[in-house]
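The values are calculated or read from the model by the stated rules, or taken from the named source; none is laboratory data. Nothing here was measured: the structure is a model prediction, and the numbers come from that model. Heads up, the Cβs are rebuilt from the backbone with ideal geometry, glycines too, and the neighbour counts pull from every protein chain shown.
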Amino acid sequence: GAVVSQHPSWVICKSGTSVKIECRSLDFQATTMFWYRQFPKQSLMLMATSNEGSKATYEQGVEKDKFLINHASLTLSTLTVTSAHPEDSSFYICSARGSPGGYTFGSGTRLTVV
Amino acid sequence: GENVEQHPSTLSVQEGDSAVIKCTYSDSASNYFPWYKQELGKRPQLIIDIRSNVGEKKDQRIAVTLNKTAKHFSLHITETQPEDSAVYFCAVPPRGFGNEKLTFGTGTRLTIIP
């Protein structure tokens, strides 16, 4: 079946530093990648939608200069959290469209900013 | 955008009994309705979905029913088992099954009491 590999699975970083999260579609071409953020005991909130080769579309309230999304190829999309702060600590998860099964989720990245 | 409401937020059920979770949505053009199960710290997993051309779909102990007129769909789990304990999310793409972002419900924490 369709697989999206997400790395790292967890990361701890110091406040003010940047963190890059990668999502790779292993056996299909991900034409669209969705990036979600999930705070503890809450639902998945969409941050942005990216299509290969074009700029990402951000949801209202999400700072595009803080959450940089790159979707340079049909198999790789990255989310970079710049100048991270403790309030950015969350579970980040990608979801790819393009697989026969519809929406394929990565395994998620737990970010802790200290 | 799509407005998705999910109830109840928590549900405790005796093992062997049935559990029902309901979602309502706002966009009458929506025609694809998935349900996801998420265990703590893991990715959401698609457990069942339904398209608008049918009213009910069943897969062993899991079923989904759809009422397009009333714009709601429900997840039914019968003969519940301890491994059914998790958080369940409904989701709706705003204009049907295409390259559209999923809007998730607020989630239901299901606890199966042995």
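Looking at the structure I just gave you, is A:T112 without any contact (Cβ under 8 Å) to a residue 60 or more places away in the chain, in a strand (DSSP E or B) and farther than 25 Å from B:E5 by Cβ?
no
Any idea which residue in segment B:4-44 is farthest from the other protein chains (Cβ to nearest Cβ), counting only those that are polar (S, T, N, Q) and out of contact with any Asp or Glu (no Cβ under 8 Å at 6 or more places or on another chain)?
B:Q14
Does segment B:30-44 contain any residue that is among the small types (G, A, S), crowded, with 18+ Cβ neighbours inside 10 Å and either touching a Leu at 6+ places or on another chain (Cβ under 8 Å) or assigned to a strand (DSSP E or B) (or both)?
no
Give, as residue ranges, the strands (runs of 3 or more DSSP E) completely inside segment A:2-53 that count at least 1 residues that are over 12 Å from the mean Cα position of the chain (by Cα) and of a type in the set (G, A, S).
Per the criteria, A:19-25.
Is there a residue in segment B:66-86 that is without any contact (Cβ under 8 Å) to a residue 40 or more places away in the chain, touching an Asp or Glu at 6+ places or on another chain (Cβ under 8 Å) and of a type outside the set (K, R)?
Yes, some residue in segment B:66-86 is without any contact (Cβ under 8 Å) to a residue 40 or more places away in the chain, touching an Asp or Glu at 6+ places or on another chain (Cβ under 8 Å) and of a type outside the set (K, R).
Of all residues being surrounded by fewer than 20 Cβ atoms within 10 Å (Cβ to Cβ) and aliphatic (A, V, I, L, M) in segment A:20-45, which is nearest to the other protein chains (Cβ to nearest Cβ)? Just the residue, please.
Of everything passing the filter in segment A:20-45, A:M45 is nearest to the other protein chains (Cβ to nearest Cβ).
So, A:G108, is that one on the phi > 0 side of the Ramachandran plot and over 13 Å from the mean Cα position of the chain (by Cα) or not?
Taking the combined requirement at face value, the residue does not satisfy it.
Quick one: A:A48 ticks every box in (1) more than 11 Å from every other protein chain (Cβ to nearest Cβ); (2) more than 24 Å from A:K14 (Cβ to Cβ); (3) small (G, A, S); (4) crowded, with 19+ Cβ neighbours inside 10 Å except a single one, so which number is it?
The failed condition is (1).
Quick one: count up the residues across segment B:45-72 that are surrounded by 15 or more Cβ atoms within 10 Å (Cβ to Cβ), in a strand (DSSP E or B) and away from every other protein chain (no Cβ under 14 Å).
So the count comes out to 7.
Would you check which residues across segment B:71-101 are more than 15 Å from the chain's Cα centre (by Cα) and at pLDDT 95 or above and list them?
Once the filter is applied, which keeps residues that are more than 15 Å from the chain's Cα centre (by Cα) and at pLDDT 95 or above, segment B:71-101 yields B:E79, B:T80, B:Q81, B:P82, B:E83.
Residues in segment A:97-104: is at least one of a type in the set (K, R), under 20 Å from B:E39 (Cα atoms), within 10 Å of another protein chain (Cβ to nearest Cβ) and not in a loop (DSSP other than H, G, I, E, B)?
no
Go through the residues of segment B:27-38 one by one and say whether even a single one is touching a Ser or Thr at 6+ places or on another chain (Cβ under 7 Å) and under 30 Å from A:T31 (Cβ atoms).
yes
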